[in-house]
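Participant: Please find one structure pasted underneath; my questions will follow.
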Amino acid sequence: MSKKDVKNTSNDLDKAGLSRRGFLGATAVGSATLMGAATLGGAVMSRESWAEAVSESRAKIHVEPGELDEYYGFWSGGHQGEVRVMGVPSMRELMRIPVFNVDSASGWGLTNESREIMGESAKYLNGDCHHPHISMTDGKYDGKYLFINDKANTRVARIRLDIMKCDKMLTVPSVQAIHGLRLQKVPHTKYVFANAEFVIPHPNDGSNYDLKDKNSYTMFNVIDAEKMEMAFQVIVDGNLDNVDADYTGKYAASTCYNSEDATDLGGMMRNERDWVVVFNIERIEKAVKEGKFSTLAGSDVPVVDGRKGSDFTRYIPVPKNPHGLNTSPDGKYFIAAGKLSPTVSVIQIDKLDELFDGSLEDPRAAVVAEPELGLGPLHTTYDGRGNGYTTLFLDSQIVKWNIAEAIRAYNGEKVNYIKQKLDVHYQPGHTHASLTETSDADGQWLVVLSKFSKDRFLPTGPLHPENDQLIDISGDEMKLVHDGPTYAEPHDCILARRDQIRTKKIWDRNDPFFASTVERAKKDKINLESDNKVIRDGNKVRVYMTSIAPSFGLTEFNVKQGDEVTVTVTNLDQVEDVSHGFVMTNHGVSMEISPQQTSSITFVADKPGMHWYYCSWFCHALHMEMVGRMLVEPA
Ligand code: K7E
Ligand code: CUA
Ligand code: CA
């Protein structure tokens, strides 16, 4: 079926005197079995025309060899620790950005430059990242940074999108397990909001294990995005799960599933309602500026108390163990997914002012709808046309529903706000529509990150890949167009238009990424762009060399057994894509040196004899010949 035919189908509908909305509404009220039937714009289609409509959508994701994708996708790598860059809609993996892991191709976690960025936490070889988010200006992606959390080791990292490398990493003090992470959207990303999930005693020194004690709590953490330093922390009741920010710059809101302060599953499910806690960032910022804060032992970060009764927060009861919290792109609503309740709770953001000034007393008055969507709602995303798309973990479905109609139904009107339920495969967690968390939400593509793939791919033993599915949401009907197996475990992803990301083709010699290495070379009176020299400093040996395809500036250097050797390589090539590598055999040494980059790595020459080093990134027809030898004199 051609595009023209699809259009005709809707025209026929109009001709029949049935407006799209009227038709859907009437049918849906009358029949619960509509869901799952093939429909286009409300018209029930034949099996044949349905297949044709889907195949037309599928043709759109075929990006020809040599053609570029319309969107950049950034996927978290879950407990694998990295960020993955995808092209959408082709779903081709473009790049991996190591962050909370060690990567032997790039040398992340091995090189001096990366270890300096990781700081003290470089000792951790693992991470668990969930939520990647791109910095914004006026509620739109500015393409500058991507931030991501590490639940495992309580960190937040920043990736510079011009070079697609992590350039800052911060361990959040006095808390455990950063989970939810979102950015201030307006006026710009001044703050990173990071939820610490687990309640711990303060001080956590073994003197107290009582979670009901008033000195046991977790905190909402606010990070200065530009400096990547802590701005302030807010003590809360309960625990903290997911978070999002509004479009005024004033509020952020987080879900809490453990209002019970329980330590076990049964306890955490006891209450029918937990809550969404809303933070008045403006008020907290003001209090901190006026010095109205305290600090915790071993930290100088300003801490304010945002527990119940505080001026800084409001607690809005919602059912039950809520999980995802997502702001609608029109800026009107925070929507919290019920998880153990089949509902989502729609919180009207412009009622929050009244909630904070006291003119609205009951916090539940800010809830303007609580539509029933299905079993296990986890996360919601938006098409910018007034619809929400919520993952149903237990039903293995994505449900499209209309927000305005859900509000009318909550007010007693008889409307069916559910537009479509589509099976996904299987057990979806996050879902993300193109540009959905910005005011540019364009309703083109929807990614559903399914936790189980079961039988969808060739078997790979007991451990299965996940399944990231791509759905065309540009029309009235969601159409599943692609299965994308992924390695553990992308929790979340985001999509940005390709023009919103601007990358460098080669390194700038003044790039701060390797500035401290340049600084060290200066102290050694080394010109990195021309010198090939060995500096001996006691038992520390610093080897400086250049590289230009297909050779290293030094093909041989001498050290003594037991020396601590730092090899610094500067890639003089200026041709885009000509990256070199440096690997010292049998020493655990490997790194990338891309055009105009300087990289360095330190190791102990603990074995006497001859040790070859070689280039590990294929750079030239004579790449295999790009070698040298380290000669280690026995002690
Ligand atoms: Cu639902 Cu960590 Cu965003 Cu996983 S979280 S799914
Ligand atoms: Cu240089 Cu391969
Ligand atoms: Ca609970």
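None of the figures in this text is laboratory data; all of them are computed from the coordinates on show. These figures come from a predicted structure and were not determined experimentally. Backbone-built Cβ (ideal geometry, glycine too); neighbour counts: all protein chains shown.
Participant: Mind checking segment 526-635 for GluC sites (Glu not before Pro) that DSSP puts in a loop (not H, G, I, E or B) and that have at most 15 other Cβ atoms within 10 Å?
Facilitator: Working: sites: Glu529, Glu556, Glu564, Glu576, Glu592, Glu625; in loops: Glu529, Glu576.
Loop-located and lightly packed - Glu529, Glu576.
Participant: Given labels modelled 7 Å from the Cα in the Cβ direction, how far is it in nm from Lys414 to Asp224?
Facilitator: 6.0
Participant: Give me the extension gain from Arg47 to Glu564: residue separation times 0.36 nm, minus the current Cα-Cα distance, reported in nm with one decimal.
Facilitator: Values: separation 517, 0.36 × 517 = 186.12 nm, distance 7.02 nm.
Full extension from Arg47 to Glu564 adds 179.1 nm.
Participant: Going by amide H atoms built from the backbone, whose H comes under 5 Å of the H on Leu554, apart from near neighbours?
Facilitator: Thr546
Participant: Tally Lys/Arg at +1 and Asp/Glu at -1 over every other residue whose Cβ is under 9 Å from the Cβ of Thr486; what's the total? The partial results should precede the final answer.
Facilitator: Numbers: positive: Arg84; negative: Glu93, Glu466, Asp468, Glu489.
Result for the local shell: -3.
Participant: Going down the list Lys190/Lys286; Lys227/Lys289; Lys123/Lys523; Lys168/Lys289, which pairs span over 20 Å between their C-alpha atoms? Spell out each step's value before the answer.
Facilitator: Working: Lys190/Lys286 15 Å; Lys227/Lys289 17 Å; Lys123/Lys523 27 Å; Lys168/Lys289 25 Å.
Exceeds cut-off: Lys123/Lys523; Lys168/Lys289.
Participant: Still on this structure: Using 0.36 nm times the number of residues separating Arg385 and Asp537, minus their current alpha carbon distance, what extension gain do you get? It would help to have the intermediate numbers written out before the result.
Facilitator: Numbers: separation 152, 0.36 × 152 = 54.72 nm, distance 6.57 nm.
Full-extension gain reported as 48.1 nm.
Participant: Could you order peptides 113-119, 483-489 by the average number of other Cβ atoms within 10 Å of their residues, highest first?
Facilitator: Descending mean neighbour count gives 113-119, 483-489.
Participant: Same structure again: Mind scanning Lys151/Lys400; Lys504/Lys540; Lys185/Lys332; Lys339/Lys454 and naming the pairs with a C-alpha gap bigger than 25 Å?
Facilitator: Values: Lys151/Lys400 30 Å; Lys504/Lys540 35 Å; Lys185/Lys332 14 Å; Lys339/Lys454 22 Å.
In this structure, Lys151/Lys400; Lys504/Lys540 exceed 25 Å between Cα atoms.
Participant: Which order do peptides 584-591, 177-184, 54-61, 408-415 fall in by mean Cβ count within 10 Å, highest first? Display every interim value, and only then the final one.
Facilitator: Numbers: 584-591: 17.2, 177-184: 24.8, 54-61: 15.6, 408-415: 12.8.
Packing order, densest peptide first, comes out as 177-184, 584-591, 54-61, 408-415.
Participant: Return one number: the angle in degrees, 0 to 90 and rounded to the nearest 10, between the long axis of the Cα atoms of helix 20-30 and the longest principal axis of the Cα atoms of the chain.
Facilitator: 70
Participant: Kindly work out what percent of the DSSP beta bridges joining two residues of the chain are antiparallel, to the nearest 5. Intermediate results must be reported in sequence, preceding the final value.
Facilitator: Values: 144 of 160 bridges.
Roughly 90 percent of the beta bridges in the chain run antiparallel, per DSSP.
Participant: Follow-up question, since we're still on this one. Once you order the gyration tensor axes a ≥ b ≥ c over the Cα atoms, which shape class does the chain get: rounded for a/c under 1.5, otherwise prolate or oblate by comparing a/b with b/c?
Facilitator: Numbers: a/c = 2.39, a/b = 1.46, b/c = 1.64.
Judged from the Cα gyration tensor, the chain comes out oblate (a/c at least 1.5, b/c at or above a/b).
Participant: Tell me, what is the FRET efficiency for Arg364 and Ser55 to the nearest 0.05, using R0 = 35 angstrom and their Cβ-Cβ distance as r?
Facilitator: Numbers: r = 47 Å, r/R0 = 1.35.
Efficiency at R0 = 35 Å is approximately 0.15.
Participant: Right, next: Could you tell me the calculated FRET efficiency between Arg456 and Thr503, based on Cβ-Cβ distance and R0 = 25 angstrom, to the nearest 0.05?
Facilitator: Details: r = 33 Å, r/R0 = 1.31.
It comes to 0.15.
Participant: Report the FRET efficiency, 1/(1 + (r/R0)^6), for Glu556 and Met95, where r is their Cβ-Cβ distance and R0 is 22 Å, rounded to 0.05.
Facilitator: That gives a FRET efficiency of 0.05.
Participant: Using a Cα-Cα cut-off of under 19 Å, which aspartates and glutamates could be cross-linked to Lys414, ignoring same-chain neighbours fewer than 8 residues away?
Facilitator: Correct list for Lys414: Glu370, Glu372, Glu405.
Participant: I would also like to ask the following. Do you know the relative contact order of segment 402-448, to the nearest whole percent, from alpha carbon pairs under 8 angstrom that are 6+ apart?
Facilitator: Working: 42 pairs, mean separation 11.7, N = 47.
Worked out over segment 402-448, it gives 25 percent.
Participant: Moving on to the next point. Calculate the length of the line joining the C-alpha centroid of segment 171-186 to that of segment 228-245, in whole Å.
Facilitator: If you average the Cα positions of each part, the centres end up 6 Å apart.
Participant: What is the angle, in °, between the Cα long axis of helix 47-60 and the longest principal axis of the Cα atoms in the chain? Nearest 10 is fine, range 0 to 90.
Facilitator: 30
Participant: Please give the peptides 445-457, 246-258 ranked by average Cβ packing (other Cβ atoms within 10 Å per residue), highest first, as a rough proxy for protection.
Facilitator: Numbers: 445-457: 20.8, 246-258: 23.5.
Taking the mean over residues of other Cβ atoms within 10 Å, the ranking is 246-258, 445-457.
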